[in-house]
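Student: Take this structure, written in structure tokens, and hold onto it; I'll ask about it next.
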Amino acid sequence: MEIDVVPADFIIPVDRAWTVSMVIKSFKGRKDVTVHLFRPEWDPADEEIYDWDVLTGDPVQPDLPVSYVSCRRIVMESFTEEERDALVDYLKTRYEDKVSEVHACALNFPIPLGLTALSELSEGKDIGFIHFDKIPNYTLPFPVRGYFDLSQHKPLIEGLE
């Protein structure tokens with residue numbers, strides 16, 4: 001398993017700033033499926049400790065309406081450095097034979113307005129979520145979800161689309 005934790009080359013303005021993704025070798029008939037991990041819930045009071053004027057930036061599309069709530073969720077869904085390390089260790093131990101890569105890096109600040117938080121995405125034919133904390137023997141003290149889009153990955157057996 002390749003583990004790549006990219007250190008931040010800038011001063012991170014908040015502790016909750018780390019993203020984690022993994023690549024599952026074989027998942028739901030697809031190969032090398034990228035799964036973006038995130039925290040699906042948090043204490044709403046935690047949102048009050050941040051200076052959102054500093055953490056949020058200009059809109060991605062100036063002509064479109066933006067959601068400040070979604071921008072806040074992007075930060076709140078991310079992991080602290082300690083959570084990141086615990087999650088990487090968990091994946092390394094629990095899914096050693098099933099996961100080929102784990103990547104982690106810091107969010108870029110300020111977060112542009114107009115981005116969609118992972119928790120706001122809807123499941124569909126090819127899009128879904130892995131509820132890690134619902135899997136037996138889950139040991140982390142915080143819930144983790146994984147977002148995937150199967151349409152972005154090749155089938156295990158060529159020609160089966």
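Student: Roughly how far apart, in whole Å, are the Cα centres of the stretch 31-94 and the stretch 116-151?
Tutor: 14 Å
Student: Just the number, please: carbon plus sulfur as a percent of the accessible area of the chain, 1.4 Å probe, no ligands or DNA/RNA counted.
Tutor: Numbers: 4730 of 9350 Å².
Percent of accessible area from carbon and sulfur atoms in the chain: 51.
Student: Another question, then. By how many nm would the segment from Thr80 to Ser151 grow when fully extended, if each residue of separation counts as 0.36 nm and the alpha-carbon distance is taken off? Don't jump to the answer; show the numbers that get you there.
Tutor: Working: separation 71, 0.36 × 71 = 25.56 nm, distance 3.02 nm.
Length difference between fully extended and current span is 22.5 nm.
Student: Here's a follow-up. Mark the label point 7 Å from the Cα of Ser67 along Cα→Cβ and return the residues of the stretch 34-59 whose backbone N is within less than 20 Å of it.
Tutor: Counting backbone N atoms under 20 Å from the label point, the list is 36-48, 52-53, 55-59.
Student: Could you report the stretch 70-120's accessible area per residue, 1.4 Å probe, as an integer in Å²? Before the final figure, lay out each step's value.
Tutor: Numbers: 2270 Å² over 51 residues.
Using a 1.4 Å probe on heavy atoms only, each residue of the stretch 70-120 averages 45 Å².
Student: Ok, one more. Determine the calculated [θ] at 222 nm for the chain from helices alone, applying -39500 (n - 2.57) to every DSSP H run no shorter than 4 residues and normalising by the residue count; nearest 500 deg cm²/dmol. Walk me through the intermediate numbers first.
Tutor: Details: 3 runs with 28 residues, N = 161.
Per the formula, -5000 deg cm²/dmol.
Student: Multiplying the sequence separation of Ala8 and Ser26 by 0.36 nm and subtracting their Cα-Cα distance, what value in nm do you get? Each step should come with its number before you reach the end.
Tutor: Working: separation 18, 0.36 × 18 = 6.48 nm, distance 3.05 nm.
This chain segment gains 3.4 nm when fully extended.
Student: Provide the gained length on full extension for the span Ser122 to Cys105, in nm with one decimal, where the gain is 0.36 nm per separating residue minus the Cα-Cα distance.
Tutor: 3.7 nm
Student: Work through the residues other than Phe148 whose Cβ is under 15 Å from its Cβ and net out their charges, Lys, Arg +1 and Asp, Glu -1. Mind showing how you got there, number by number?
Tutor: Values: positive: Lys25, Lys28, Arg30, Lys31, Lys98, Lys125, Arg145, Lys154; negative: Asp32, Glu101, Glu123, Asp126, Asp149.
Neighbour charge sum, excluding Phe148 itself: +3.
Student: Along the three principal axes, how long is the chain when you take its alpha carbons, biggest first, rounded to the nearest angstrom?
Tutor: If we take the Cα atoms of the chain, the spans are 48, 36, 30 Å.
The values are calculated or read from the model by the stated rules, or taken from the named source; none is laboratory data. Keep in mind that this is a model prediction, so the values were computed, not measured. Heads up, the Cβs are rebuilt from the backbone with ideal geometry, glycines too, and the neighbour counts pull from every protein chain shown. For the accessible areas, the whole protein counts, side chains as well, though only heavy atoms, and no ligand, DNA or RNA atoms are used. Shrake-Rupley method; radii C 1.70, N 1.55, O 1.52, S 1.80 Å.
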